[in-house]
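Participant: Let me give you the structure first, and then I'll get to my questions.
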Amino acid sequence: MSLLRVEGLEARYGVSQALFGVTLEVGAGEAVALMGRNGMGKTTTVRAICRMLPSRGVLRFDGQDLHRLPSHRAARLGIGLVPEGRRCFRDLTVVENLLAAARPGPWDRAKVAELFPRLEERSGQVAASLSGGEQQMLAIGRALMTNPRLMILDEATEGLAPLVRAEIWAALGQLRDATEMALLVIDKSVRELAQVADRAVLLERGETVWSGAMAELTPDVSERYVGV
Ligand code: ATP
């Protein structure tokens, strides 16, 4: 059974409709890439899944209808979000940021430190003083501390230097291999997504236009819908 099931999802910002029928599934422990050019609806899909935006259509997580739950309850079901723009509490230290997110489960401060040793070295620093890459690691660490069953990453490596990007992709690979956690990953780099994702879902103008195994995503298809 799929952990997350989205079917014919529609959403709008005021009078302007942004999603016209997004369909995607993420199975337990599976890693899925959500792709598409700028403005095609990836972030809006994530916001709808996290109930930050009203939507219509099928939206089920672990068998429960998310549309019937108040948004704060939906968050507690086990969806961890690493939002675009890596939002952390800038004036809190690394440890404080992590502890503020903590919920019971296998992921604790020690496990996050194992995954990102750099964060542990900077545990007493305020988030605002971290480099962009370290802030991104902190945002991922915070999501892990909530012990999600599905973690959604929206452009987790945007604007980062190649070495830091590689570190983050390696960490995501570890999460995929060593845990039962499912991943839904948005990124512009098809090559890097291919290292981590089992399947891909492609959006165009707010609609799913292709989905399949990552290995079946031909250069033709990715050129057409992702533009690389
Ligand atoms: P990007 O890669 O640039 O982040 P995206 O695929 O995530 O793009 P969305 O941010 O989901 O795309 O945008 C989908 C559509 O919704 C776009 O047409 C965008 O202009 C519109 N949109 C996004 N956010 C808002 C908003 N807050 N108010 C009104 N329209 C919005």
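The values are calculated or read from the model by the stated rules, or taken from the named source; none is laboratory data. No experiment lies behind these values; they were computed from the predicted model shown. Virtual Cβ from ideal backbone geometry, glycine too; neighbours counted across all protein chains shown. Heavy atoms of the whole protein, side chains included, go into the accessibility calculation; ligands, DNA and RNA do not. Shrake-Rupley method; radii C 1.70, N 1.55, O 1.52, S 1.80 Å.
Participant: Scan region 110-158 for residues that are open to solvent by 10 Å² or more (accessible area, probe 1.4 Å) and of a type in the set (Val, Ile, Thr) and jot them down.
Facilitator: Matches in region 110-158: Val126, Thr146.
Participant: Consider region 130-146. How many of its residues are in a loop (DSSP other than H, G, I, E, B) and either touching a residue at least 60 places away in the same chain (Cβ under 8 Å) or under 15 Å from the mean Cα position of the chain (by Cα) (or both)?
Facilitator: Number satisfying all stated conditions: 1.
Participant: Go through region 132-149 and report how many residues are of a type in the set (D, E, K, R) and farther than 12 Å from Glu96 by Cα.
Facilitator: Of the residues in that region, 2 qualify.
Participant: Collect the residues in region 34-53 that are part of a loop (DSSP other than H, G, I, E, B), closer than 27 Å to Asn147 by Cβ and either touching an Asp or Glu at 6+ places or on another chain (Cβ under 9 Å) or more than 9 Å from the ligand (Cβ to nearest atom) (or both), keeping them in residue-number order.
Facilitator: Passing the criteria: Cys50, Arg51, Met52.
Participant: Among the residues of region 62-90, which ones are open to solvent by 40 Å² or more (accessible area, probe 1.4 Å), touching a strand residue (DSSP E or B) at 6+ places or on another chain (Cβ under 6 Å) and closer than 30 Å to Leu160 by Cα?
Facilitator: Leu81, Glu84
Participant: Let me ask you something else. Scan region 182-205 for residues that are over 15 Å from Val226 (Cβ atoms) and either open to solvent by less than 10 Å² (accessible area, probe 1.4 Å) or within 16 Å of the ligand (Cβ to nearest atom) (or both) and jot them down.
Facilitator: Ala182, Leu183, Leu184, Val196
Participant: While we're on this one: State the number of residues belonging to region 1-33 that are outside any strand (DSSP E or B), within 16 Å of the chain's Cα centre (by Cα) and either crowded, with 16+ Cβ neighbours inside 10 Å or not aliphatic (A, V, I, L, M) (or both).
Facilitator: Total meeting the criteria: 2.
Participant: To continue, here is another question. Of all residues in region 210-227 being touching a residue at least 60 places away in the same chain (Cβ under 8 Å) and touching a helix residue (DSSP H, G or I) at 6+ places or on another chain (Cβ under 8 Å), which is farthest from Leu19 (Cα to Cα)?
Facilitator: Met214
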